[in-house]
């Protein structure tokens, strides 16, 4: 009798442990799925980088789109998608990709800078200036943004503001400062 009761309690204990472990197994499966998705997103991101570096921009766009489909908050993938679109001359799409990268990561200085460059290509000079200024606000020593801002000022015929950027560039990047100086005095 004692062994019968012990056996029943063991069976109940095993059943109880099995029931209790089901949610943790489900959570483990979800965790594996999330990790797999992140790895897949990274795989597509790396594929996009490789394609972009090989000049295969259509393939890069496809890979980055897969990465952001799997992981919508992947700011770097949106950013690189913007670059690939620009290489293809799809500036409106690039604008959207850079804006999405910024929505995800507002302090992404390079995304603001490239947003500015895209605005400039589209002829939206004031938006370009605003984007460059935001990039510089986030990362004051970003020489390429100072240079691009200086060039944009020259385009709108504001030599005084271009000279201000030249003065800043002298301490950040002498080569870019010299290029801007030559453009100012051309």
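The values are calculated or read from the model by the stated rules, or taken from the named source; none is laboratory data. The shown structure was predicted, so the numbers you read here are calculated from the model rather than taken from an experiment. With ideal geometry, Cβ positions are generated from the backbone for all residues, glycine too; neighbour counts draw on all protein chains shown.
Within region 87-96, the presence of a residue that is at pLDDT 95 or above, crowded, with 18+ Cβ neighbours inside 10 Å and not assigned by TED's automatic domain parsing to the domain that holds residue 48 is excluded. The sole residue among 54, 135 that is more than 30 Å from residue 40 (Cβ to Cβ) and modelled with pLDDT of 95 or more is 135.
Using the structure shown, decide if residue 82 is modelled with pLDDT of 95 or more, under 14 Å from the mean Cα position of the chain (by Cα) and either within 25 Å of residue 138 (Cα to Cα) or crowded, with 18+ Cβ neighbours inside 10 Å (or both). Give the derivation first.
Values: modelled with pLDDT of 95 or more: yes; under 14 Å from the mean Cα position of the chain (by Cα): yes; either within 25 Å of residue 138 (Cα to Cα) or crowded, with 18+ Cβ neighbours inside 10 Å (or both): yes.
Answer is yes for this residue.
Of the helices (runs of 4 or more DSSP H) lying entirely inside region 95-186, those containing at least 2 residues that are without any contact (Cβ under 8 Å) to a residue 12 or more places away in the chain and out of contact with any helix residue (DSSP H, G or I) (no Cβ under 6 Å at 6 or more places or on another chain) are 125-138, 159-172, 174-184.
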